[in-house]
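Visitor: The following block contains the structure, expressed as structure tokens.
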Amino acid sequence: MIPLSVPEIGGNAWKYVKECLDTGWVSSSGSFVERFEKKAAERLGAGRAVAVSSGTAAIHIALLLAGVEAGDLVLLPTLTFVATVNPVLYLGARPVFLDSEKNTWGLDADAVRRFIHEHCDDEGGSLVEKESRARVRAILPVHLYGRPAEMDPLLGLAAEYGLKVVEDAAEGLGSTYKGRAAGVLGDLGCLSFNGNKIITTGGGGMILTADPDLADRARYLTTQARDNPVDYHHSEVGYNYRLTNLQAALGVAQLERLDEFVAVRRRNAALYRELLADAPGIEPCPETPASVSNCWIFTILVDEEEYGRGPRQLMELLSEEGIESRPFFHPAHLLPPYRSFPRGPTPVAEELFKKGLCLPSSSNLTTKEVRAVCRAIGRAGR
Ligand SMILES: *Cc1c(COP(=O)(O)O)cnc(C)c1O
């Protein structure tokens, strides 16, 4: 069985976790939480990092800190995992689903610009949607499958229209854009350490920001908005979103191996590209010039006419050979909970959804296994 993306534990994981168990520091205070935050901030060149219980929680709090309030609009790509979208709804705000850019597959700045020009007014320095008069508050780009979105034009638009940028870097840990780490490019960045991500804490996430005040507020809000450690006094509604020391211990051990994981995934991606280069109807995801992807998930586009089968049929044939693959995320605007929200035209996202397939990409995937996957793809075509 060749799985899609499974954790690669090892290194100091056992030692650090055992240390938590032996000392009894298992919950959300303890030295590993601080160490994990400090190491992550250093590694990524983020001013500050705040560990939280999931990537979804990170996005929720980051949006809140970006000033997103009930009734506001948040501009995001429709082609993403639902965990990008749901926190917008937790805040009572509304997503605006926009198209993907055709090289990086991240949020397309042209689509953002078009939405702003066609549907928004500048009202005393803030951007409002013409019809609803709702305020547009933030842009939420996603580094889909680890490949950095084209950020500069998005950051330019944000600056031009006074919008905050919250980066969903859940899939992009270890990727860089123009030499800077994914996750530190906007006002706030969000990571995930879910089991299938490039490093894992079982479940967990992190908020990154250069602004120490925002980091302090993130810590406060994720710790039940506790005013001080002793007295049960709370001035606001908070959240129980802290990462535990036990999880952070695993996180520190995993982070020590991030470079190794990225190297293996990039090596395998290069081999996939080489072996699939001449496969008719199979288009491996390209490298994008401005960035270095962590190659979290290697993806292909399957042209049904040319290949002889669609991606879902290919997925079933691979599965018969013990190879796990997965279709792309559904564009969110096509899913039942999100159909009523505003959106732009999304032809690129829909095309990617129709053709995309995710291939095995774990950090312990061998070159032999990559070759086996490519041979199976060759056999399954016409
Ligand atoms: C995994 C993921 C998240 C959420 O992370 P969790 O830790 O599972 O809550 C958010 N956005 C994207 C794009 C993801 O892939």
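Visitor: Computed over the Cα atoms of the range 292-382, what is the ratio Rg over Rh, Rh following Kirkwood?
Guide: Rounded to two decimals, Rg over Rh is 1.03.
Visitor: Give the residue list of GluC sites (Glu not before Pro) in the range 190-270 that are DSSP loop and have at most 13 other beta-carbon atoms within 10 angstrom.
Guide: Hits after loop and neighbour filter: Glu236.
Visitor: Only Lys, Arg, Asp and Glu count, each charged at its Cβ (+1, +1, -1, -1), so figure out the dipole size of the range 140-260 about its Cα centre, rounded to 20 debye.
Guide: It works out to roughly 280 debye.
Visitor: Taking the beta-carbon count within 10 Å as an exposure proxy, list Thr346, Thr84, Thr288 from fewest neighbours to most.
Guide: Final ranking by Cβ density, sparse to dense: Thr288, Thr346, Thr84.
Visitor: On average over all directions, what projected area in square nanometres does the chain have, based on the convex hull of its Cα atoms?
Guide: Average projection, Cα convex hull of the chain: 19.3 nm².
Visitor: Test of understanding: ordering Val6, Val166, Val237, Val74 by Cβ neighbours within 10 Å, fewest first, what list do you get?
Guide: In order of increasing Cβ crowding within 10 Å: Val237, Val6, Val74, Val166.
Visitor: What is the dipole size for the range 195-270, taken about its Cα centre, with +1 at each Lys and Arg Cβ and -1 at each Asp and Glu Cβ, in debye to the nearest 20?
Guide: Here the range 195-270 has a charge dipole of around 520 debye.
Visitor: Cα centroid distance between the range 55-81 and the range 337-355, in Å?
Guide: 18 Å
Visitor: Distance between the C-alpha centers of the range 1-35 and the range 249-285? Whole Å please.
Guide: Centre-to-centre distance over Cα atoms comes out at 24 Å.
Visitor: I would also like to ask the following. When Met315, Met1, Met151 are ordered from fewest to most other Cβ atoms inside 10 Å of their Cβ, what list results?
Guide: In order of increasing Cβ crowding within 10 Å: Met1, Met315, Met151.
Visitor: While we're looking at this one, here's another question. Mind putting a number on the dipole of the chain about its Cα centre? Charges go on the C-beta only, +1 for Lys and Arg and -1 for Asp and Glu, and I need it in Debye to the nearest 20.
Guide: It comes to approximately 820 debye.
Visitor: Could I ask something else about it? Sum -39500 (n - 2.57) across every DSSP H segment of at least 4 residues in the chain, then divide by the residue count to get the 222 nm mean residue ellipticity, nearest 500.
Guide: Counting only the DSSP helices, I get -11500 deg cm²/dmol.
Any read-out appearing in this document is the output of simple, stated calculations on the displayed coordinates, not a laboratory observation. None of the values given here were measured: they were computed from a predicted structure. Because the Cβ atoms are built from the backbone with ideal geometry, glycine has one as well, and the counts that use them run over all protein chains shown.
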